[in-house]
1. For residues that are within 30 Å of Phe38 (Cα to Cα), at pLDDT 85 or above and among the basic types (Lys, Arg), tally how many sit in the stretch 153-201.
2. Scan the stretch 63-93 residue by residue and report those that are under 11 Å from Val119 (Cβ atoms) and of a type in the set (Phe, Trp, Tyr).
3. What tally of residues in the stretch 128-152 results from selecting those that are assigned to a strand (DSSP E or B) and at pLDDT below 85?
4. Enumerate the pairs (first residue in the stretch 47-76 and farther than 14 Å from Arg125 by Cβ; second residue anywhere and among the β-branched types (Val, Ile, Thr) and not in a strand (DSSP E or B)) with beta-carbon separation below 7 Å, excluding pairs fewer than 6 apart on the same chain, so at least 6 apart or on different chains.
5. Would you point out the residue of the stretch 77-104, among those that are under 21 Å from the mean Cα position of the chain (by Cα), part of a loop (DSSP other than H, G, I, E, B) and not charged (D, E, K, R), that is farthest from Leu127 (Cα to Cα)?
6. Can you tell me which residue in the stretch 186-224 is farthest from Met160 (Cα to Cα), limited to those that are within 29 Å of the chain's Cα centre (by Cα) and free of Cβ contacts under 8 Å to residues at least 40 places away in the same chain?
7. How many residues, within the stretch 96-130, are farther than 21 Å from Ala53 by Cβ and either touching a residue at least 60 places away in the same chain (Cβ under 8 Å) or surrounded by 15 or more Cβ atoms within 10 Å (Cβ to Cβ) (or both)?
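The values are calculated or read from the model by the stated rules, or taken from the named source; none is laboratory data. Here the structure is a predicted model, which means the values were calculated and not measured. Note that each Cβ is placed from the backbone with ideal geometry, even for glycine, and that neighbours are counted across all protein chains shown.
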Amino acid sequence: MATKKLTGGNALVKRRVGKTDEKKEEHKDKEDIIKVYFNPAHYTVMENVGQFAVTISREGDVRPTVCVDFKTEDGTANAGSDYEPIEGTIIFRPNEMHKQVFITVIDDDVFEEDEHFYVRLSNPRYLSHDGCTPMNGAISQSNKNPPLLQLATPAIATVMILDDDHSGVYSFAETQYEISESVGEYRLKVNRFSGARGRVSVPYHTCEGTAKDGVEFQMTDGVIFFDNNQTS
């Protein structure tokens, strides 16, 4: 009678169990941490926008009610003259993952460079029956350890205010471009900054450098148009 010996079966089972355990542990780790952050971290608004919203998100266990404080801070833009300062507390109720804070930008008729300010998150905490508690742990009747509640990156949002009291300054997005001979037609991006008021026409033309017209490139000229508040 022929017999065959099989080996390695236990090791294979252990490896599979190990991978399963790792996935469970990774999933558990995600549930054991609640993160609060801005989403996105950068905002660009026109000076005449009036009011706009920044979004604060949380991830992880969505069952607890959690709080986080927010406050605006000056950059090159100043509270009271460029924007209205605001501070307060955002409350995430169970199953809420996104909240918004509304900020007012102050419009004027004075030409200014583009300016920015910040919004900062701080003091994440759970909500008790009598209000937000500074404890970094859940208010629970069970003995189960609560998820860790923490700020995640980005915890600071940057708001750029584009001036609308001037027709603007214009430049190419890059100062130098490297392209292949086989590219055919190539388009360059032109940006408008330090103002975006009115419809504006910007003439352009090419000129020779070491590359020669009719040999390496074809001379061209024309006009591009920016509509009111258009920045690129």
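1. Count: 1.
2. Phe70, Tyr83, listed by residue number.
3. Just the residues of the stretch 128-152 that are assigned to a strand (DSSP E or B), to begin with: 128, 131-132, 148-151.
Right, trim to at pLDDT below 85 and you get 128, 131-132.
Adding up the residues that qualify gives 3.
4. Within 7 Å, the pairs are Thr72/Ile86.
5. This residue is Ala77.
6. So the residue we want is Arg187.
7. Of the stretch 96-130, the ones farther than 21 Å from Ala53 by Cβ are 108-113, 123, 125-130.
This time we only want the ones that are either touching a residue at least 60 places away in the same chain (Cβ under 8 Å) or surrounded by 15 or more Cβ atoms within 10 Å (Cβ to Cβ) (or both), so: 108, 111-113, 125-127.
The total comes to 7.
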